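The values are calculated or read from the model by the stated rules, or taken from the named source; none is laboratory data. For clarity, every value in this text was computed on a predicted model and none was experimentally measured. Quick reminder, even Gly has a Cβ in these numbers, built from the backbone with ideal geometry, and neighbours come from all protein chains shown. Calculation scope for accessible area: heavy atoms of the full protein, side chains included, ligands and nucleic acids excluded. Shrake-Rupley method; radii C 1.70, N 1.55, O 1.52, S 1.80 Å.
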Amino acid sequence: METLATDFKQAFRMLRKSPGFTATAVIALALGIGANTAIFSVINTVLLKPLAFPEPGRIVVLMNSSPQGTFAAASVPKYNIWRRQTQVLDDVSAYDTGGPGLNLNATDHPEQLKGIHVSYEFFHLFGATPVAGRTFNVAEDRPNGGNVTVLSNGLWRRRFASDPAIVGKTISLSGEPYTVIGVLAPQFTFDPPADLYLPFQADPNSTNQGHYFRAAGRLKAGISLGAAQAALNLAGGEFKRRYANALGPKDSFTVEPMQELLVSNVKPALYVLLGAVACVLLIACANVANLLLARATSRSREIAIRSALGARRSRIVRQLLTESVLLGMIGGVVGLGIGVVGVRALLAVNPGNIPRIGPEGATVHLDWTVLGFTFLLSLVSGVLFGLVPALHASRADLNSTLKEAGTRSGSSLGQNRARGALVVVELALAMVLLIGAGLLIRTFSELHSVVPGFDPRNVLTMETSLAGGRYDKTTAIFQLTRDALERLHAIPGVESAAASSYLPLEGGLGLGFRIEGRPLTDGPDHGGASWNYVTWRFFDVFKIPIVRGRGLTERDDSGPPVVLINEAMAKRYWKDENPIGHRIIIGGGMGPDFVQAPREIVGVVADTRDGGLNNDPAPATFIPLSQVPDSYMALNNRFMPLTWLVRTKVAPFSLSAPVQQAFQDAGGLAVAHLRTMDQIVVQSTARDQFNTLLLGTFAFFAILLASVGLYGLIAYSVEQRTLEFGIRLALGADTGVLRNMIVRQAMVLAAIGIAIGLAAAFGLTRLLTTLLFHVKPTDPIIFGSVATLLGTVALLASYLPARRALSIDAAMALRHE
C-alpha cells in the first residue's frame, strides 16, 4: 500500500510538471467519459433499474400471440379467462391508459384530469397503498358497483390541500358525483401517470371482443415464465372453444415481463447510443495513448537510466500505468461533471416518449450505480490508453538512448508503428459512427419527404372528455357537436371546423368487417380497418381529397348507414373492382351486441398516414358521428376523448382563447391538449430526430478526434525528421516530392482505417435496421459518401503539417538540430 501511495505521488508530480499535456489529455477523456455517463444514466433508469413495484421481476403482461407477433391489448372475455389462471398467476388486473380524461367541476373553470380504470387487484399487484381511506373492494369493481374514486397523492395535495377529511366526500367528475374512498401514498408512480383511479367494473358475462385495455399479473412463487406461457397457451384453446372465430387458427395467449414490454421500443436505440459513446471514448483513449507515446520519447533517457540503476521492467510499467490511471481518474471526475450537465441537456431534447424517466426526466439522476460505472470506466480507460505506451517506454535501452540523445532522429520504429496503429483504430471507429449517423440522417430526410395525405398547416386541435352518463347516447353528442361547431364557425378567423374520434398520425380503434355477399373463408371477418367517426367537414378541414364517389354531407346525419373507405382498403379488398355501392358490416368480431347495420360505401378518400409517417397507410373506414351505435359511443367515451379540429385563416394559437370559450358556452367542457397539426407532425418524428441528433453529435466528435490524432501523428513525425528533411533539402530535394511522400504515408494509414471501418460498419449497421426508414443498413451512397468525407479530412489533416514543416529554410533546419 505504501508503494502504491508513492507511485501516485510520483505520478501526480509528473503530471503537474506537464500542464499542457495533462490538460489536453484530461479534456479528451472527460468528454468521452462524460458522454458515456450521460447515456448510461438514462439506460440505468430506463433499462436496468427494476420497476418500483413489489417483486417486479415476477410482474408480467398478458398478451395475444400470432404468427405476426404479439400485442398487449385485452378484451373483457379474454381478461375473464386470464384471471382464472390462478395455478400460475396472482392478482390478474385490468387497467386502461386513461384516454378521455375527466372534468373536475369544482370551480367555474373545470379542469380535465387524467383518470384510469383499474380492477380491484391493481393496487395489490403494483403495491399502491393508501395514506388515507382504502382502495376498491370486489363489490365496487362489479358492474353497477357505484361511482367511487381513489385520488393520487399529487392531485390530493394540489387541488384539495392535503385535506385528510376528503375521504368520504363527493366530488363532481364530468357532471356525475363520485365518492372519494382513498388517497394513495406519494411513493406510488405508474406509467402512464394518473390523477385518480376509477373501478374497472368488467362484466363477467360480456361478449365484447373489443381490445381497449391491458391486463397484468404476478407469477406465483416457483412458477417460471415458460410454465406461465404454457398455461396461457392452454387457456387460448379454452377461449377458442368458448368463443368460436374470436381467435385465428394459429393465435393464442402468452405472457411477457412487464419491464421488457415497457422498454421494448426504446431499447435498440439506447444501446446504439451507448455503443456510439463507447466508440467516442475509445477514440479519445487512442488519442491520449498517442500523446503518451510521444511523451515517452522525451522521457526515454529518464527511463533508460532507471533501468540501468536496477529498476525492473515491471516496476517501470507499474509507475507509468499509475500515471495513466491517475490521468483517467482526473478525467473521470471532470467527466462526471460533464455527465451531469449532459444528462440535463439530453433530457431537454428528448422526444418525450421515453418510458420510466418521469416528467421532465425527474427519475434520471446520478446514483451509486452511475457513480460506480463512471469510476470503473475511468479506471479501465486509464489502463486501456496507458498499457501500450507503458510497455513501449519500458523497453528503453541505455546505450541506444544515449546515442540518440544528441540527435532528433525521432521515436523508435516500434513507437511509430504503435502510434500509426492507434490512428488506424481511431479512423475505423470514426468511420463506423459516421456511417451510422449518415444512415439516420438519410432516414430523417426520408421521413420529412413523406406526404402525410393531409394538409397540417393552420389546423388547431384539442380534446374534450365526454365521460359520464350525460353523453352515453349518440344523439346527445351529436347535439353537442352541432352546437359547438356552430359557435366555432362564428369565430372570426375560423375557416372550417370538425370533430372526430382520433387524429391522423395518432391512430385509433381498429375493427373487423365483413363484406356483404362475400363468403367467409377464415375467421369471423374478411379483414380489419381503423374505425373513425367524424363530422362531415372533417375532410374539408384536412383537405383530404375524395378520389371516388362522394364525401359526407349534412344529409347523412339523418340518412341511411353509409361509410367512406380509404384507397388502401379499396386496393386490398376490391383490387380492380369499384367498391362504391358495396356494403360492409363493421364490428362482427366485437360480439353480437356490437355488430353494426350494413353500411353502403359511398366514397373512397385519399390515404393518410394514421399510424405515423414511417408506416404505410393501412385500411381505414369513416362513418358519420351521428350514425355511431349507442353501444359503441358509450364504450368509446369511457376510454377515448372526442377530438376537435379547427382550420384557421390566422395563426392557430391566436384563436385558442375564443375557441375554449366556445366550448365553455356549448357545454361547460374543459379543453385539453391544445396543439397544432404541425406540432403533431413534428412530434411523430421526434424520436428519429433525437436519435439522429445524438448519433450525429457523437460522430462529429469522433471525426474531430480522429483528425486531430492523424494531424498530431504527422506533425510529430515531421518534427522528429527535421534533420533528415533539412539534409534532403540542402542536397536539392524537391519540396513537393517530400510533401507528397509525407501525405502518402498518412493516406496509407487513412486507407487502412477506412477499409477496416467499412468492413466493421457493414456488419454493425444491421443493428440499426429497426431505426431506419426506406434506407438499407448497407446503403452504398452513405458508405461511399462517408468514405470520401473521411478521406478528405485525412488528406487535410496530413497535408497541413507537411506543408508547414517543409516551408522552413534548409539551413535553419540544420542549425535547429
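A few points about this structure:
- Among helices (runs of 4 or more DSSP H) entirely within the stretch 1-101, having at least 2 residues that are at pLDDT 90 or above and under 25 Å from residue 371 (Cα atoms) singles out 19-43.
- Test result for residue 457, farther than 30 Å from residue 663 by Cβ and open to solvent by 50 Å² or more (accessible area, probe 1.4 Å): no
- Residues within the stretch 217-242 that are outside any helix (DSSP H, G or I) and touching a helix residue (DSSP H, G or I) at 6+ places or on another chain (Cβ under 6 Å), tallied: 2
- Test: residue in the stretch 105-120 that is touching a residue at least 24 places away in the same chain (Cβ under 8 Å), within 22 Å of the chain's Cα centre (by Cα) and open to solvent by 10 Å² or more (accessible area, probe 1.4 Å): no
- Here residue 696 does not qualify as in contact with a His (Cβ under 8 Å, 6 or more places away or on another chain) and either farther than 26 Å from residue 292 by Cα or at pLDDT below 90 (or both).
- Members of the stretch 136-149 found to be farther than 15 Å from residue 203 by Cα and open to solvent by 30 Å² or more (accessible area, probe 1.4 Å), listed by number: 137, 147
- Filter pass, residue 232 being within 30 Å of residue 172 (Cα to Cα) and surrounded by 22 or more Cβ atoms within 10 Å (Cβ to Cβ): no
- Complete set of residues in the stretch 665-695 that are assigned to a helix (DSSP H, G or I) and either without any contact (Cβ under 8 Å) to a residue 12 or more places away in the chain or of a type in the set (Val, Ile, Thr) (or both): 679, 680, 681, 682, 692
- Scanning the stretch 327-359 for residues that are open to solvent by 30 Å² or more (accessible area, probe 1.4 Å) and at pLDDT 85 or above returns 329, 330, 333, 334, 336, 337, 338, 340, 341, 344, 345.
- Looking at 755, 733, just one residue is more than 16 Å from residue 290 (Cβ to Cβ), at pLDDT 90 or above and open to solvent by 20 Å² or more (accessible area, probe 1.4 Å), and that residue is 755.
- Scanning the stretch 465-484 for residues that are aliphatic (A, V, I, L, M) and open to solvent by 20 Å² or more (accessible area, probe 1.4 Å) returns a single hit, 476.
- Answer residue from the stretch 421-454, given it is buried (at least 19 other Cβ atoms within 10 Å of the Cβ) and of a type in the set (Gly, Ala, Ser) and is farthest from residue 713 (Cα to Cα) among those: 453
- Meets criteria (within 23 Å of the chain's Cα centre (by Cα), more than 30 Å from residue 717 (Cα to Cα), of a type outside the set (Phe, Trp, Tyr) and modelled with pLDDT under 90) for residue 765: no
- Strands (runs of 3 or more DSSP E) within the stretch 526-633 that include 1 or more residues on the phi > 0 side of the Ramachandran plot, of a type in the set (Val, Ile, Thr) and in contact with a helix residue (DSSP H, G or I) (Cβ under 6 Å, 6 or more places away or on another chain): none
- Matching residues, the stretch 552-584, being open to solvent by less than 20 Å² (accessible area, probe 1.4 Å) and in contact with a strand residue (DSSP E or B) (Cβ under 6 Å, 6 or more places away or on another chain): 552, 556, 562, 563, 564, 565, 566, 569, 570, 579, 584
- Test: residue in the stretch 277-286 that is more than 19 Å from residue 39 (Cα to Cα), out of contact with any strand residue (DSSP E or B) (no Cβ under 9 Å at 6 or more places or on another chain), open to solvent by less than 20 Å² (accessible area, probe 1.4 Å) and not in a loop (DSSP other than H, G, I, E, B): yes
- Checked against the criterion of being open to solvent by less than 60 Å² (accessible area, probe 1.4 Å) and farther than 24 Å from residue 511 by Cα, the candidates 91, 96 yield just one match: 91.
- Just one residue in the set 260, 238 is farther than 28 Å from residue 190 by Cα, at pLDDT 85 or above and loosely packed, with under 15 Cβ neighbours inside 10 Å; that residue is 238.
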